[in-house]
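What follows is a short report on a single structure.
Computed from the coordinates by the stated procedures, all read-outs in this text should not be read as laboratory data. For clarity, every value in this text was computed on a predicted model and none was experimentally measured. All Cβ positions, even for glycine, are placed from backbone atoms using ideal geometry, and neighbour counts span all protein chains on display.
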Amino acid sequence: ALPAPLAGRHVLVTSGPTQEPIDPVRYITNRSSGRQGHAIAAALAALGARVTLVSGPVALPDPPGVGMARIGTAREMLAACEAALPADAAVCAAAVADWRSAGMAPQKLKKVPGQPLPPLELALNPDILATLSAHPRRPRLVVGFAAETENVVANAVAKRQRKGCDWIVANDVSGDVFGGSRNAVHLVTAGGVEDWPDLPKEEVAAKLAARVAETLAGGAEA
Ligand code: C5P
């Protein structure tokens, strides 16, 4: 039998939202079911890769054959990703909260009638995709996602440059992609833009995993 296409490869995948605490009972988060990221982790494992899936809280089963790292905050996600290096490829599908509360309140903030509202000061979270793209131990292939509501491709092309990653998988989230089962994406690479048809998220994952395998096998630049 032929060896599995990703046998001997290690791929890092981020998935799901992050949760940034405001106080012990409240947090800031992003909309993300984790469905696309988890499907990608499963598809890579199915091709024989060793997969580390760094995931925020999701209501999904762990994909079969995948090593899980469960995190809460963006800073924990970055630390788990760096701890997982080296990797041959990284796919950042997580919906990372751009901001966290600047000072986590040690006790629950109280709602006191007649009193001023508690101020919510924000601090910038690390950008995990950009950090991995510029990392001394950068994976050979780094893939990011772009959820856009307008100018999908133009924004994705700019995002690819800004983040320093190799590919961007861009999708239009003006419809009901969040939590849904299907996704129509554009794959933005150095070579140009491919429009993929509207597919179940599992099939988007399988196509992407096959492209990752092809690229790592080719030894060429992504
Ligand atoms: O900047 P924006 O959030 O639109 O970029 C989306 C891409 O960047 C996704 O691949 C997402 O996983 C990644 N990202 C990240 N860390 C952040 C913000 C976004 O890895 N703090």
With +1 at each Lys and Arg Cβ and -1 at each Asp and Glu Cβ, the charge dipole magnitude of the chain around its Cα centre, to the nearest 20 debye, comes out at 620 debye
Expected max-MSF residue from A39, A190, A206 in the GNM of the chain (alpha carbon, under 10 Å) is A190
As straight-line cross-link partners of K207, the qualifying lysines (C-alpha separation under 29 Å, not fewer than 8 residues apart within one chain) are K159, K163
Unit-weight point scatterers at every alpha-carbon of the range 42-128, Debye formula, q = 0.11, 0.14, 0.26 1/Å: log10 I(q)/I(0) is -0.45, -0.63, -1.38
What the Cα atoms of the chain span along the principal axes, largest first and in whole Å, is 71, 35, 33
Here the percent of antiparallel bridges among DSSP beta bridges lying wholly in the range 1-125, to the nearest 5, is 30 percent
Relative contact order as a percentage, the range 81-212, C-alpha pairs under 8 Å and 6+ apart, gives 19 percent
Ranked from fewest to most other Cβ atoms within 10 Å of their own Cβ, L216, L124 fall in the order L124, L216
Shape descriptors of the range 144-195 over alpha-carbon atoms, Rg and Dmax in angstrom, are 10.6, 31
Each label sits 7 Å from Cα toward the beta-carbon; between K110 and T149 the label points are separated, in nm, by 3.8 nm
DSSP beta bridges in the chain: the antiparallel percent, rounded to 5, is 40 percent
If N is the residue count of the range 92-173, its Cα Rg over 2.2 N^0.38 Å rounds to 1.52
Dividing the mean separation of Cα pairs under 8 Å (6+ apart) by the residue count of the chain yields a relative contact order in percent of 20 percent
One finds the C-alpha centres of the range 133-160 and the range 104-121 to be spaced, in Å, by 37 Å
Taking Cα atoms, the helix 152-163 axis meets the longest principal axis of the chain at an angle in degrees (rounded to 10) of 90 degrees
